[in-house]
4 protein chains.
Amino acid sequence: MIVVMKRSATEEMVQQMAQRIENMGLKAHIIVGTERTVIAAIGEKRNGEQATLESCEEVDKVVPILAPFKIASVETKPEPTVVQVRDLKIGGDSIGVIAGPCSVEGEEQILAVAQAVKQAGATGLRGGAFKPRTSPYSFQGMKEDGLKLLAAARDMTGLAIVTEVMTPHHVELVAKYADVLQIGARNMQNYHLLQAVGETRMPVLLKRGASATMDEFLLAAEYILDQGNSQVILCERGVRTFEAHTRFTLPLATVPYLHEKTHLPIIIDPSHGTGIASLVPSMCHASIAAGCDGLILEVHPDPSQALSDGAQSVTPAVFQDIMEQCRKIAEVFGRHCS
Amino acid sequence: MIVVMKRSATEEMVQQMAQRIENMGLKAHIIVGTERTVIAAIGEKRNGEQATLESCEEVDKVVPILAPFKIASVETKPEPTVVQVRDLKIGGDSIGVIAGPCSVEGEEQILAVAQAVKQAGATGLRGGAFKPRTSPYSFQGMKEDGLKLLAAARDMTGLAIVTEVMTPHHVELVAKYADVLQIGARNMQNYHLLQAVGETRMPVLLKRGASATMDEFLLAAEYILDQGNSQVILCERGVRTFEAHTRFTLPLATVPYLHEKTHLPIIIDPSHGTGIASLVPSMCHASIAAGCDGLILEVHPDPSQALSDGAQSVTPAVFQDIMEQCRKIAEVFGRHCS
Amino acid sequence: MIVVMKRSATEEMVQQMAQRIENMGLKAHIIVGTERTVIAAIGEKRNGEQATLESCEEVDKVVPILAPFKIASVETKPEPTVVQVRDLKIGGDSIGVIAGPCSVEGEEQILAVAQAVKQAGATGLRGGAFKPRTSPYSFQGMKEDGLKLLAAARDMTGLAIVTEVMTPHHVELVAKYADVLQIGARNMQNYHLLQAVGETRMPVLLKRGASATMDEFLLAAEYILDQGNSQVILCERGVRTFEAHTRFTLPLATVPYLHEKTHLPIIIDPSHGTGIASLVPSMCHASIAAGCDGLILEVHPDPSQALSDGAQSVTPAVFQDIMEQCRKIAEVFGRHCS
Amino acid sequence: MIVVMKRSATEEMVQQMAQRIENMGLKAHIIVGTERTVIAAIGEKRNGEQATLESCEEVDKVVPILAPFKIASVETKPEPTVVQVRDLKIGGDSIGVIAGPCSVEGEEQILAVAQAVKQAGATGLRGGAFKPRTSPYSFQGMKEDGLKLLAAARDMTGLAIVTEVMTPHHVELVAKYADVLQIGARNMQNYHLLQAVGETRMPVLLKRGASATMDEFLLAAEYILDQGNSQVILCERGVRTFEAHTRFTLPLATVPYLHEKTHLPIIIDPSHGTGIASLVPSMCHASIAAGCDGLILEVHPDPSQALSDGAQSVTPAVFQDIMEQCRKIAEVFGRHCS
């Protein structure tokens, strides 16, 4: 790290700071500039020690040089991680598509959607059984009954089941039925939950928090990886900005940016990313062209009757069109879209 | 709510939508404008039903008229809620001040801070025993040992203990030692945790999520209130914006705005709200002048040695100055500052 | 518009408000709900009159029903506007690509880039002669000498010249050399400048301000259109959010969203939208897949020697690859990419 | 500045980069770390040269050490700048209050407001004659007639006139009538306008752009100062964030932060900063307590009849209460409030 001293720092203060850096087990390298002195600390660790230096009065700022994440880094593992469960394959040449309703609402609904998305080419089925809802008065999901219906849909179609787990003491239950454990955006920094899904060794789909930075996102993944679970899929689902015409702002530059920093696969959720069904097809196409490793999107047989997120769900017919275009775009890049 | 039809909606579509609204148990009132038709739905409930209408093809947008929260609303309870535990009193004429280190680091540290802040006039002691940290490699808190030290500090000083609980299965443990359960910003929408602290009937300090809207904030409080726990303190701790010169952006207009909408008391956390110790005094003064019901801030005997958040912690001497000025400002408004 | 009265509003206040609405030449329609009364005002104009009602004490909020822009609206003109100048064609089936350096730096540089981008398939040449720079100490552009070099590049290649004009009294000068007048993001709400370029009747490329909403963006276009100039190209170049790993956050959902609201063509600037050259190719591909009508991007023969924006400029070789992929993606949608 | 090389950079690349830095007239200091090499460049200038290094392939990032502004810096001039014109005094111990309507609407209105705010203790009168409006269909101001009315109000009351100038060719006209030239938030980076008001040597009130960083804000001031005009008042008027319950988000930490960086005085505009009249008094109190050097706020005799910004204007009676409280808060800090 680089410690930038204040202009007013005396030589004595600089020497004291250098000593303090050496006491941390680092090597201090003093550089006297024309206006300020900076100290380069060699041997930086990733344990937040630089923050303690920032609070010293004579220090102007501390600039870390290393990224704070390790296991997730391409510097640790250059080759892309591919997550595969049943026919759902995400990463490398494979673009995996996970589709289904926001919530499991009943047997007829989930089986109908499962068959429709399977037929259109999806290899994963999404559907919420435990639903994090902003209001305590909104539909909270069918819970274990919903999980059973998802399992029934898997039995019928072979689709891999992707469903959310909201709290550590549900992990065992959800893991019994699911193929991929989803961590929602609101829980991206629920560290006990991250550790709990890390312990399962099952594939985890980690959604980016609505105002998480890239470092925070990768450090959340690091909590899972650090438990010995290497099966993490990152999911960009839009960030909260001043834009109000869409539900969130969907920054597709996340895809190439993360591909430069991490070996973990990156998928896009254009349903939450826009909140508006009519914008979803274009954003699916754009995501594939941006180089993402998969999509997760909301498909409902009758969006206007959905118990949640109807406004952002597409119909099976629209989903089929999306898949056709996405396959063609994937081909341009020598990839294939499940 | 008001359902705004698309310009292209035919009369038949309007009639169908009106019928659908009536089927929800509401009264539909059709208003034919010069360019569009809107339907007023009378008898609106707060269960998110309007979202389902938004997904109908012929609908342009749906505008809710009622706020989505109930128990937290001034319309339900006009008089301010006062939360009191030991000498800490927050709400009404009383401005309660909670001070202490980011983390409990050891006996000597916590007892020294407790005495210092008590002497300066604080009536609550903050200190993290379970620490949510962005990186899995950072100091995670002293856990139960930290809670015991907080209890010891209370025994010595009489200060009310405010400390964070991070996951539902820790609620019982933390409740054994704490006077006020703190929900951190990262967990504002951890609904199982909100319900768990709601069940305790203990005072809860609920921090605003870094990108939570006012409605989301009040609905998170509503999850706690809905369990029968009326002792909720709202805490503004800054929001994430494009501003990078401070750790977060601290919007003090939250104070008068929330006072118009809810009877719950509102306190400010200027330490996280700025992230820079030298800005904390001014923001304490400004918070009191803005009409807040309390402050929570980080005080450390030697910020440069703090294991976390040193850069935003003030010394006991600075804290004493802050208290003196705050008391004078409170007097201008006929309030008193603990 | 819909005027939502406060819960405390008496019947008399409602009647007074209704009268006031009628005095504005609108028809007031009172709807008494279970908790509140709302008044629908029929015949709404687009002159901001609703804002005056919002300041009445008994009013809770005023909800406009109509979009505030007129000439730019698809409701006014459903068929897409195509802007064509020389071989640069933007809109409809045509995707126009404008490429070139951030700044004109000298004859050799601009002619070399012009030939390179022409050869790769661009039909427009960008290059700044008047440069808006954040610091007064940065390179401010070659001014008229730069314009002359752009004109020379056009003579040699036939490329349409796109260059920025920063202030009304330069419009005449820039118009003498340019084919398309560019309004930069910082000037999106420089209304005198918008009117001045509106008066020219030349094609105008209007960049979205870094924190402009869609309504503000379209109203800025409306200032130009309102002068009788229908040749407006909208350009999304990224918005300012909390994200700091890219220069701006590039929201591609702007493309399908604007296509639903306006007939004006929409192009993307992935160079400013990301600020990082290695992310530019993916974002070009994604933009085409999202359905944009064109691209404007920075190409420099030696980015590391550029006088401005080198970090986001791609080389001619990279640009050629981008064009090849973009053409293939355009074909998937039955469009062609210049 | 510090040039951080990529991990993959070879020793040869490092040497080349060092050479390049030396060629810029700087001294290169190579520091070989455990994972990366960094080069400290000593003698950094403020002309943006570091940006050109960022585009070199082997460079990971470039960290500037010096702030980019000079004349505005406390390092250049430690003592606070006080701007005085007539009885309006802003800076040092003096808190100046500028009040008046959003727009000049007519003789009766402006004279009535002027007398009322004078009587309550204001020493400056605000009022727009040239109005930047988001929509071309909104009221655009009374132009020169408005300026004449402002001058008449000054003649009657002695208040200093603060009014906006929108474009360079109006500077001479506005300067004829005004005491302080206001640059609006939309024009903060209208560099030709900044230079034009810089040339006048009159006091300039520079509003922060809605998404401007602190560096951008101070560099905009630097454009004015660089013309030899030292009379610049900085004005925080709120930033655009995801918050939608207020018109903008008002970050009062701007006040102590800027006081640490610049000698220029800082005032607050709580009217635009909130957009809601009922929040304005609290935000005035908080601004004074935060240490600001002045206020500019909207006062209208009958806000519900205002032609612009009625929703955020307070009445003369409310303004008088605000002034009384503000004076008491100022006293706590040993300052006086005009």
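The numbers here are math on the coordinates, done by the rules we state, and not lab data. Because the structure is predicted, anything quoted here is derived from the model rather than measured. Glycine gets a Cβ as well: all are built from the backbone with ideal geometry, and neighbour counts include every protein chain shown.
Taking other residues whose beta carbon is less than 12 angstrom from the beta carbon of A:P101, and scoring Lys, Arg as +1 and Asp, Glu as -1, yields -3. Take the Cβ atoms of B:T10 and A:K176, set R0 to 35 Å, and the FRET efficiency comes out at 0.10.
What the phi angles of segment C:79-96 give under the Karplus curve with 6.51, -1.76 and 1.60, with θ = phi - 60°, is a coupling list of 7, x, 7, 10, 9, 10, 8, 6, 8, 7, 10, 10, x, x, 7, 9, 9, x Hz, glycine and proline written as x.
Just tell me how shielded C:35-41 is by partners: mean number of partner chain Cβ atoms within 10 Å of each residue's Cβ, no decimals.
If you average over the peptide's residues, the count of other-chain Cβ atoms is 4.
The ranking of C:T163, D:T254, D:T315 by Cβ neighbour count inside 10 Å, starting from the fewest, reads D:T315, C:T163, D:T254. Across peptide C:328-334, the mean count of Cβ atoms from other chains lying within 10 Å of each residue's own Cβ comes to 4.
Among C:Q115, C:Q312, C:Q16, the largest mean-square fluctuation in a Gaussian network model of chain C (Cα springs under 10 Å) belongs to C:Q16. Our summary of shape: the Cα atoms of segment C:15-172 have principal axis extents of 73, 42, 29 Å, ordered from largest down, in whole angstrom.
A simple spin-label model places pseudo-atoms 7 Å from Cα toward Cβ; at A:L111 and C:D302 they are separated by 7.0 nm.
If you count, for every residue in C:233-246, the Cβ atoms of partner chains within 10 Å of its Cβ, what is the mean? Before the final figure, lay out the partial values.
On the way: counts 0, 0, 0, 0, 0, 2, 8, 11, 14, 18, 12, 5, 9, 5.
Across C:233-246, the average partner-chain Cβ count within 10 Å equals 6.
Neighbour counting of Cβ atoms within 10 Å sorts the residues B:E79, A:E324, fewest neighbours leading, into B:E79, A:E324.
With θ taken as phi - 60° and the Karplus curve 6.51 cos²θ - 1.76 cosθ + 1.60 applied, the whole-hertz 3J(HN,Hα) list for segment D:236-251 is 7, 10, x, 10, 8, 9, 5, 5, 10, 7, 10, 5, 9, 9, 9, x Hz, x standing for glycine and proline. Calculated on C-alpha atoms, the gyration radius of segment C:2-63 divided by its Kirkwood radius gives an Rg/Rh of 0.92.
Taking every DSSP helix (H) stretch of at least 4 residues in chain B, weighting each as -39,500 (n - 2.57) and dividing the sum by the residue count yields a mean residue ellipticity at 222 nm of -10500 deg cm²/dmol. On a 0 to 90 degree scale, rounded to 10, what angle separates helix C:214-225 from the longest Cα axis of chain C? Once rounded, the angle reads 70 degrees. Beta-bridge orientation, segment A:83-337: approximately 15 percent antiparallel, per DSSP, counting only bridges with both partners inside. GNM on chain B, alpha-carbon springs under 10 angstrom: the most fluctuating residue among B:K131, B:K118, B:K143 is B:K143.
With Cβ to Cβ distances under 12 Å as the rule, what net charge do the other residues near C:T315 carry (K, R +1; D, E -1)? Every neighbour counted, the sum reads -4. Derived value for chain B: Kirkwood hydrodynamic radius 21.4 Å. Basis is the mean of 1/r over every pair of different alpha-carbon atoms.
With a 10 Å Cβ neighbour count serving as the proxy for reagent exposure, in which order, fewest first, do B:V63, C:V197 appear?
Working: B:V63 17, C:V197 28.
Least to most surrounded, the residues fall as B:V63, C:V197.
Add +1 for every Lys or Arg and -1 for every Asp or Glu among the other residues with Cβ under 10 Å from the Cβ of D:S230, and state the total. Please report the intermediate quantities before stating the final value.
Working: positive: D:K77, D:R201; negative: none.
Result for the neighbourhood of D:S230: +2.
Among C:A18, C:A151, C:A286, the largest mean-square fluctuation in a Gaussian network model of chain C, built with springs joining Cα atoms closer than 10 Å, belongs to C:A18. Per residue, the convex hull around the alpha carbon atoms of the protein assembly as shown comes to 154 Å³. Evaluated with a Cβ-only charge set (Lys, Arg +1; Asp, Glu -1), segment D:127-178 carries a dipole of roughly 100 debye about its Cα centre, given to the nearest 20.
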